[in-house]
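What follows is a short report on a single structure.
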6 protein chains.
Amino acid sequence: MNESMKARTVIFGTQEDRIQRRLDALDPDLGRYIRDFAYDTVYDRPALDLKTKELIACALLVSLGSPPELRTHIRGALNAGAAEAEVRDALMLCVPYLGFPRAVAGFEVLRQHLEPREKPAPGQGTGLQDSEDQ
Amino acid sequence: MNESMKARTVIFGTQEDRIQRRLDALDPDLGRYIRDFAYDTVYDRPALDLKTKELIACALLVSLGSPPELRTHIRGALNAGAAEAEVRDALMLCVPYLGFPRAVAGFEVLRQHLEPREKPAPGQGTGLQDSEDQ
Amino acid sequence: MNESMKARTVIFGTQEDRIQRRLDALDPDLGRYIRDFAYDTVYDRPALDLKTKELIACALLVSLGSPPELRTHIRGALNAGAAEAEVRDALMLCVPYLGFPRAVAGFEVLRQHLEPREKPAPGQGTGLQDSEDQ
Amino acid sequence: MNESMKARTVIFGTQEDRIQRRLDALDPDLGRYIRDFAYDTVYDRPALDLKTKELIACALLVSLGSPPELRTHIRGALNAGAAEAEVRDALMLCVPYLGFPRAVAGFEVLRQHLEPREKPAPGQGTGLQDSEDQ
Amino acid sequence: MNESMKARTVIFGTQEDRIQRRLDALDPDLGRYIRDFAYDTVYDRPALDLKTKELIACALLVSLGSPPELRTHIRGALNAGAAEAEVRDALMLCVPYLGFPRAVAGFEVLRQHLEPREKPAPGQGTGLQDSEDQ
Amino acid sequence: MNESMKARTVIFGTQEDRIQRRLDALDPDLGRYIRDFAYDTVYDRPALDLKTKELIACALLVSLGSPPELRTHIRGALNAGAAEAEVRDALMLCVPYLGFPRAVAGFEVLRQHLEPREKPAPGQGTGLQDSEDQ
């Protein structure tokens with residue numbers, strides 16, 4: 001990971017254009033606030049490295065009931081250099097603070113990210129990538 | 001920080017006995033579950049260092065509305081080697097995920113931890129330590 | 001909008017009978033409580049106009065994680081005279097109070113309401129209307 | 001119900017092995033914590049009978065937005081001897097504490113449990129059992 | 001407990017008039033909705049006994065972060081015949097579903113209810129009763 | 001109300017400098033984000049009038065458990081031209097969506113705002129203004 005890159009470029013990786021287009025399609029101002037405020041202002045603060053930020057983001061998204069953004073930030077944590085075991089321990093730390101149902105939902109999202117090939121029927125494999133944030 | 005120490009010994013620091021006694025007084029089984037399951041089982045998992053765990057814990061406690069445990073874990077993050085700027089960035093990362101009111105409440109707890117001397121009237125200074133987790 | 005109409009008649013519009021039947025099928029008492037207490041007692045209070053009430057309802061449903069009721073009340077706000085831009089600003093006001101994930105989920109529901117024709121395959125178009133609150 | 005049986009054996013019934021395998025597949029430690037701490041430590045406490053515990057669990061899962069675990073514990077409450085009317089009253093008690101949207105989502109899960117035969121197309125009946133906790 | 005008594009008469013006990021006056025002072029309609037809808041409609045449903053309802057209520061109030069109502073319903077559970085150990089097990093069941101911070105806050109409210117004499121300075125003892133729901 | 005004024009000037013009224021100083025003291029960046037993003041970007045969007053925005057804000061703050069910001073925005077709603085009855089109906093609309101405990105906590109904050117003179121002992125009256133957002 002290049003530390004001088006913007007956080008959103010590392011987090012979103014090859015999905016960056018697609019995710020920004022999806023947010024802009026929901027509402028252009030919403031897409032702009034997320035890019036300019038959430039990422040380029042708050043996320044680009046210098047004290048914590050990006051891996052730590054993404055592990056915190058994963059835990060916060062588990063607290064919100066594991067919305068689709070959790071998958072984006074599990075991938076973001078891995079893109080920022082986290083080992084799978086580190087993501088698992090971040091999700092597990094949610095157990096004593098939030099209880100098991102929230103944590104189980106988080107691990108279910110991790111499973112879907114790690115084993116995407118189990119689900120599509122033959123011939124649909126690559127298509128899954130296009131909708132993985134849905 | 002000695003990595004071979006138990007997480008709760010580092011997190012609680014000089015408050016360890018007092019906190020455990022307080023939890024045991026609420027309910028002996030509750031105190032035991034927190035010690036044996038939350039700390040000695042979940043917290044002592046090896047993949048993440050304690051500083052990262054405590055920054056995640058701070059964010060999760062902000063998501064819960066900043067209960068008294070937030071102060072314990074802000075102190076725990078600092079005890080585990082986090083700089084104040086790192087704690088601030090962990091709290092700030094809650095803004096895009098949880099909104100401003102939850103984050104403001106978290107920063108208010110940080111302020112109380114950093115500036116305890118502002119509050120007591122003359123002569124009451126040391127007494128504050130005894131109730132700081134209340 | 002006829003101000004003397006019951007709130008639920010304006011909010012539900014052509015879906016009124018279907019929604020009441022669905023709630024009654026879940027539990028007849030539940031359906032009755034929603035009709036008699038939530039709508040005919042609380043909603044019919046006189047101080048606020050129905051458009052304002054529905055914009056508040058949309059924000060509250062975003063706070064709950066955007067359950068299916070959000071779609072009903074986005075439609076209700078529009079039925080009560082709100083412009084699309086007013087619904088968008090009500091959802092956007094959730095950003096500073098609740099953070100982006102909740103708000104994004106709300107805008108996703110708005111998108112589904114505004115662009116229902118994108119989803120069904122040819123020949124399934126009208127069927128979508130029957131299950132739009134699911 | 002045999003009072004000397006473990007809570008999880010009664011709650012999960014014929015689904016016990018499948019549910020434990022699913023949790024272990026998410027993460028072996030997570031599966032073990034749920035079995036050893038949540039069930040064999042907390043659930044097996046002696047003061048309340050299992051039916052009461054399961055009605056409380058149903059209400060708590062409604063408070064969390066009715067995750068898939070709600071279906072497991074609605075079935076658990078019935079397995080522990082609760083009448084359908086008792087489950088309905090436990091869900092209804094959520095109305096004054098949590099509002100209607102959470103309660104409606106809970107009753108929707110109850111409906112899916114009570115009427116599973118409505119959904120599968122002819123010939124798919126038994127297959128539903130395998131994924132009912134999804 | 002006389003089963004033909006209204007739920008609110010048993011739950012509130014000697015505090016009934018005071019609590020109703022406090023709610024009416026906040027807003028007369030709010031006080032009326034709580035009495036007529038929450039208590040005399042939902043709570044007076046027949047399937048569950050009042051003790052079970054109050055244990056469920058305690059758990060739901062823990063899920064909401066233990067607002068002042070938790071103390072009222074801990075007292076209500078005891079008034080309805082629950083043993084202290086049953087209240088403790090209902091609060092403990094919140095641990096696997098909601099995590100430790102919510103449960104600790106609930107046990108703190110229980111402690112305040114059980115040990116009210118510890119707090120007032122000499123001569124203030126009976127005054128505490130008047131504000132115990134604050 | 002002058003429509004060309006900034007939202008925060010109307011909402012905060014005579015408290016504007018004090019509130020901004022308090023937020024800056026918590027963290028200068030936090031204070032800046034709230035002023036520049038929450039208020040001067042999101043709040044200053046043009047579709048809704050400020051009174052409607054503040055009624056929505058009050059409802060959202062009730063959903064968060066009525067943190068201190070609720071008092072600021074109850075005052076903001078009144079400053080923006082809302083009648084007390086309109087604030088009451090916005091809080092009451094929280095009952096069917098969020099249940100009674102959240103709504104009661106909101107009405108309690110309204111009561112504190114409307115009756116500040118009941119609390120201070122003789123001679124302390126004006127001092128209350130300085131800490132009313134605490």
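Within region F:24-55, count every residue that is facing another protein chain (nearest Cβ under 9 Å), under 16 Å from F:Gly81 (Cβ atoms) and either out of contact with any helix residue (DSSP H, G or I) (no Cβ under 7 Å at 6 or more places or on another chain) or of a type in the set (S, T, N, Q) (or both).
Going through region F:24-55 one residue at a time, the tally reaches 1.
For E:Arg21, are the conditions met, namely being more than 12 Å from the chain's Cα centre (by Cα) and closer than 30 Å to F:Ala85 by Cα?
yes
Checking the condition at the interface with another protein chain (Cβ under 7 Å from one of its Cβ atoms) and among the small types (Gly, Ala, Ser), which residue from C:Ala82, C:Ala77, C:Ala59 passes?
Of the residues listed, the single one that is at the interface with another protein chain (Cβ under 7 Å from one of its Cβ atoms) and among the small types (Gly, Ala, Ser) is C:Ala59.
Filter region A:1-18 down to the residues that are surrounded by fewer than 19 Cβ atoms within 10 Å (Cβ to Cβ), in contact with a helix residue (DSSP H, G or I) (Cβ under 8 Å, 6 or more places away or on another chain) and part of a helix (DSSP H, G or I) and list them by number.
A:Thr9, A:Gly13, A:Gln15, A:Glu16, A:Arg18
Looking at (1) over 17 Å from A:Ala57 (Cα atoms); (2) under 14 Å from the mean Cα position of the chain (by Cα), which one does B:Lys53 not meet, given that it meets all the others?
(1)
If the requirement is being over 13 Å from the mean Cα position of the chain (by Cα) and closer than 26 Å to C:Leu91 by Cα, which of these qualifies: A:Phe100, A:Phe37?
A:Phe37
How many residues does region F:12-48 hold that are touching a residue at least 12 places away in the same chain (Cβ under 8 Å) and acidic (Asp, Glu)?
Here the count works out to 2.
Condition check: in contact with an Asp or Glu (Cβ under 9 Å, 6 or more places away or on another chain) and either modelled with pLDDT of 95 or more or among the small types (Gly, Ala, Ser) (or both). Does C:Val95 satisfy that?
Considered against the rule, which asks whether it is in contact with an Asp or Glu (Cβ under 9 Å, 6 or more places away or on another chain) and either modelled with pLDDT of 95 or more or among the small types (Gly, Ala, Ser) (or both), C:Val95 comes out as no.
Within region E:88-117, how many residues are within 14 Å of chain D (Cβ to nearest Cβ) and without any contact (Cβ under 8 Å) to a residue 40 or more places away in the chain?
The number of residues fulfilling the criteria is 15.
Would you call A:Leu30 within 30 Å of C:Leu114 (Cα to Cα), within 14 Å of the chain's Cα centre (by Cα) and at pLDDT 95 or above?
Criteria not met by A:Leu30.
In region F:112-134, what residues are of a type in the set (Gly, Ala, Ser) and either at pLDDT 95 or above or in a helix (DSSP H, G or I) (or both)?
Those that are of a type in the set (Gly, Ala, Ser) and either at pLDDT 95 or above or in a helix (DSSP H, G or I) (or both): F:Gly125, F:Gly127, F:Ser131.
Residue check: is B:Arg75 surrounded by fewer than 23 Cβ atoms within 10 Å (Cβ to Cβ), farther than 19 Å from A:Ala59 by Cα and not aromatic (Phe, Trp, Tyr)?
Criteria met by B:Arg75.
Does region A:77-96 contain any residue that is among the acidic types (Asp, Glu), closer than 30 Å to D:Glu69 by Cα and under 11 Å from the mean Cα position of the chain (by Cα)?
no
Quick check on my filter: what residues within region B:51-62 are more than 11 Å from B:Ala90 (Cα to Cα) and surrounded by 24 or more Cβ atoms within 10 Å (Cβ to Cβ)?
Passing the criteria: B:Lys53, B:Leu61.
The values are calculated or read from the model by the stated rules, or taken from the named source; none is laboratory data. No experiment lies behind these values; they were computed from the predicted model shown. So basically every Cβ, Gly included, is an ideal-geometry build from the backbone, and we count neighbours across all protein chains shown.
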